[in-house]
Amino acid sequence: MDTESTHSGYSYHSSRSGRSNRHGERSRERHKASSSKDSSRSERSVIINPPDTPSQDSPVQNGEPLPGEPAPPAEHGDEAQDDNWGETTTAVTGTSELSLSQEEVVGLGKGTEDGVQTCRRYVPLALGLCVGLIVLATPLAFLVLPAMMWPDRLQACGAACEGLFLSISFKLLILILAVWALFLRPSRASLPRVCVFRGFLATLTLLLIMSYWLFYGVRILDAQDEDYHGIVQFAVSLVDSLLFVHYLAVVLLELRHLQPCYSVCVIRSTDGETRHYNVGQLSIQRAALSILEFYYRDFPLHNPALLSASKHRAAKHLAGLKVYNVDGSGPASTAGAQPGNGNASRAMVAAAAKRKDNTHNELYYEEADHERRVRKRRARLVVAVEEAFTHVRRMKKEDERAAPSDIMDVREAALAIFPSMARALQKYLRTTRRQHCHSMESIQKHLAFCLVNNMSPKAFLEAYLVPGPTLQYGPERWMADQWTLVSEASVTSSMKEGTEFALRCLDFSLAVTVKSIPYIRVTEEYVDPKSHKFTLLLQSETSV
Amino acid sequence: MYFVPGQPVTAVVQRIEIHKLRQGEHLILGFSIGGGIDQDPGQNPFSEDKTDKGIYVTRVTPGGPAEVADLRMGDKIMQVNGWDMTMVTHDQARKRLTKKNEKVVRLLVTRKSLEEAVKHSMTTYPKQ
């Protein structure tokens, strides 16, 4: 794939470079159905499609069609080209009037993405605000309109009526606060599809308000009802109904999730880290969101350096085998050239099984060796850190008389004792292949933090001996920014026993299985406290 | 020596006659007993069936009258002077063995090797 040539349609994920407009969590409630998700593509591959393929008509971003998205300008140039462009052109660089480099392509995508995403982020907020304004304005309108339209015929408002005014105002205040709390706050994540319940609640609210307006329009405005007390009661009943709908919203959106109902098992595909969580009744996308939050908290940082060894072994194993097809269907070729030849692969597997392989031996000794090396380095590190920590202590009363050059603040103290342990720490991290997780800056910062909190050397070291959870490291080390939910069932459907889905990111994926928590039957048994009686079992020996 | 509750116990027994030895003012037999219906049968190291609550010989003092009379460790005492020992408490057993006015005690004891010896002799010699 020539990355420097023009492109017609493209689809890609911006992961590491999409820093300014990502952070993965964006409020994005789509009101359109999305197509099924494609596999994620690396940012370095730009898919070039000839103009007649379907993907050009709807360029896909994050696996979904972007309706109304302005097509990138490069497309227009290509539409004028030949239909056989993809098949007949060999050297594409420089043949079209528009030729972009890799960076420009990425920058182009980002520009478009920005515009659409800002749009997307504010749509649900705007809708929420609209509904909120309608909710606020309607009861007030119910009250004000009669006073404006036929003030002379309106009956005066007695004490009970004015009490109802008070009640309306407080209920409206609570309703506004509640609506803000539930719907208008910035959401923490952007999910692929609209939450079914939010849509349902918005519809229900609008339906309710419309029916009230209908009733009001027919029975009160048209008939010009004079009973103001009745009108006020009507308005109060609307506010009550809205509060009940909000109560329903709280139950559907918040409370359903709390009672644990399913146990999900999350396995990381690269190193097999497994965790189990109890979640409530959620839709698949909401469950995916919870699982990702747990992922950042519980799973140790993904370290690709630890996986290379097994890949090397596998590659060595395969490299030793070559299959030649001598039966003469076409020119003789190796197995790689005939992917459809089942016989070749079967032969390879059989030969591999029979081959006397000593890789297990190598693995055993290599692991034992590595273990020993790590332990030795660790011992050196522990000693170095302990010695370093003995050189610094908190200033006490009597030290105030010491020379000012000896009194340091925490940053300087950290910098002073850091060099004595730096080498040992560096070597240890290199042996355990975690040196890319910790920069010198971060180590010094951590050291200062430990000194401020009077931690022991062991406490300081704990952060480096054990790989911590993903969230502890900065976002540049996560290797897990943009997540794709891959699921056979619709992502807004509820989880059930046996549901399986996967959360894919660039380097690895999390496979999730759902099991329901069993129905637990608990019976009681009363134990009388006086019933605890004991006898001694003896085995005595008597001599006669 | 399995027993079926409710059925009579059958066992191959050996008669052992022990003459008590005077030691100071006591008459001793020179062995120790363990077991009894008031004891924990599971802790008996000599019994085959761990629910057997019979009286077992746990120790034999070397050179004592019991050893002279060929009493061995691990023997189960079935009778003492005609009195049954399979269903007695530990204390009752002790009392039956240490009666002051008896100089001789005649025991019926059983052990695994007796049964095997009988079986062996039955198979070795042809039936006549």
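Out of A:Thr492, A:Thr499, A:Thr523, which single residue is surrounded by fewer than 12 Cβ atoms within 10 Å (Cβ to Cβ) and more than 14 Å from chain B (Cβ to nearest Cβ)? Step through it out loud before you land on a result.
Numbers: A:Thr492 fails: surrounded by fewer than 12 Cβ atoms within 10 Å (Cβ to Cβ); A:Thr499 fails: surrounded by fewer than 12 Cβ atoms within 10 Å (Cβ to Cβ).
The match here is A:Thr523.
Got a number for residues in region B:22-63 being at positive phi and either loosely packed, with under 14 Cβ neighbours inside 10 Å or among the hydroxyl-bearing types (Ser, Thr, Tyr) (or both)? If you could, list the steps in order and put the result at the bottom.
First, the residues of region B:22-63 that are at positive phi: B:24, B:30, B:35-36, B:63.
Right, trim to either loosely packed, with under 14 Cβ neighbours inside 10 Å or among the hydroxyl-bearing types (Ser, Thr, Tyr) (or both) and you get B:24, B:63.
Qualifying residue count for the region: 2.
Report, by residue number, each residue of region A:526-544 that is part of a loop (DSSP other than H, G, I, E, B) and either within 14 Å of chain B (Cβ to nearest Cβ) or aliphatic (A, V, I, L, M) (or both).
Going through region A:526-544, the residues part of a loop (DSSP other than H, G, I, E, B) turn out to be A:526-528, A:532-540, A:544.
Selection gives A:Val527, A:Phe534, A:Thr535, A:Leu536, A:Leu537, A:Leu538, A:Gln539, A:Ser540, A:Val544.
If only one of B:Arg15, B:Arg94, B:Arg59 is in contact (Cβ under 8 Å) with a residue 60 or more places away in the chain and at the interface with another protein chain (Cβ under 10 Å from one of its Cβ atoms), which one is it?
Details: B:Arg15 fails: at the interface with another protein chain (Cβ under 10 Å from one of its Cβ atoms); B:Arg59 fails: in contact (Cβ under 8 Å) with a residue 60 or more places away in the chain.
Checking each option against the conditions leaves just B:Arg94.
When you go through (1) away from chain A (no Cβ under 11 Å); (2) within 13 Å of the chain's Cα centre (by Cα) one by one for B:Thr51, which number turns out not to apply?
(2)
Yes/no per residue for (1) among the basic types (Lys, Arg); (2) part of a helix (DSSP H, G or I); (3) more than 25 Å from the chain's Cα centre (by Cα):
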residue: A:Phe165; (1), (2), (3): no, yes, yes
residue: A:Lys171; (1), (2), (3): yes, yes, yes
residue: A:Ala178; (1), (2), (3): no, yes, yes
residue: A:Leu182; (1), (2), (3): no, yes, no
residue: A:Ser187; (1), (2), (3): no, no, no
residue: A:Leu201; (1), (2), (3): no, yes, yes
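Given the conditions (1) within 30 Å of B:Gly6 (Cα to Cα); (2) out of contact with any Lys or Arg (no Cβ under 9 Å at 6 or more places or on another chain), which single one is not true for B:Gly82?
(2)
Can you say whether A:Leu506 is within 14 Å of another protein chain (Cβ to nearest Cβ), out of contact with any Asp or Glu (no Cβ under 6 Å at 6 or more places or on another chain) and outside any strand (DSSP E or B), as far as the supplied structure shows? Full working, then the answer.
Values: within 14 Å of another protein chain (Cβ to nearest Cβ): no; out of contact with any Asp or Glu (no Cβ under 6 Å at 6 or more places or on another chain): yes; outside any strand (DSSP E or B): yes.
No; evaluated as a whole, the condition is false for this residue.
What are the pairs with Cβ atoms under 7 angstrom where one residue, in region B:29-44, is touching a residue at least 60 places away in the same chain (Cβ under 8 Å) and at the interface with chain A (Cβ under 7 Å from one of its Cβ atoms) and the other, located anywhere, is among the hydrophobic types (A, V, I, L, M, F, W, C) and in a loop (DSSP other than H, G, I, E, B)? Sequence gap at least six, or different chains.
If the second residue must be among the hydrophobic types (A, V, I, L, M, F, W, C) and in a loop (DSSP other than H, G, I, E, B), the pairs left are B:Leu29/A:Val544; B:Ile33/A:Val544.
Assess whether B:Gln43 counts as being modelled with pLDDT under 90, among the polar types (S, T, N, Q) and closer than 17 Å to B:Leu97 by Cα.
On the way: modelled with pLDDT under 90: yes; among the polar types (S, T, N, Q): yes; closer than 17 Å to B:Leu97 by Cα: no.
So B:Gln43 does not fit the description; no.
For region A:384-425, name all the residues that are aliphatic (A, V, I, L, M), without any contact (Cβ under 8 Å) to a residue 12 or more places away in the chain and loosely packed, with under 14 Cβ neighbours inside 10 Å. Walk me through it before giving the result.
Filtering region A:384-425 down to residues aliphatic (A, V, I, L, M) leaves A:384-385, A:388, A:392, A:395, A:402-403, A:407-408, A:410, A:413-417, A:421-422, A:424-425.
Going one step further and asking which of them are without any contact (Cβ under 8 Å) to a residue 12 or more places away in the chain, we end up with A:402-403, A:408.
Scanning region A:384-425 gives A:Ala402, A:Ala403.
The values are calculated or read from the model by the stated rules, or taken from the named source; none is laboratory data. From a predicted model like this one, the values you see are computed outputs, not experimental measurements. Heads up, the Cβs are rebuilt from the backbone with ideal geometry, glycines too, and the neighbour counts pull from every protein chain shown.
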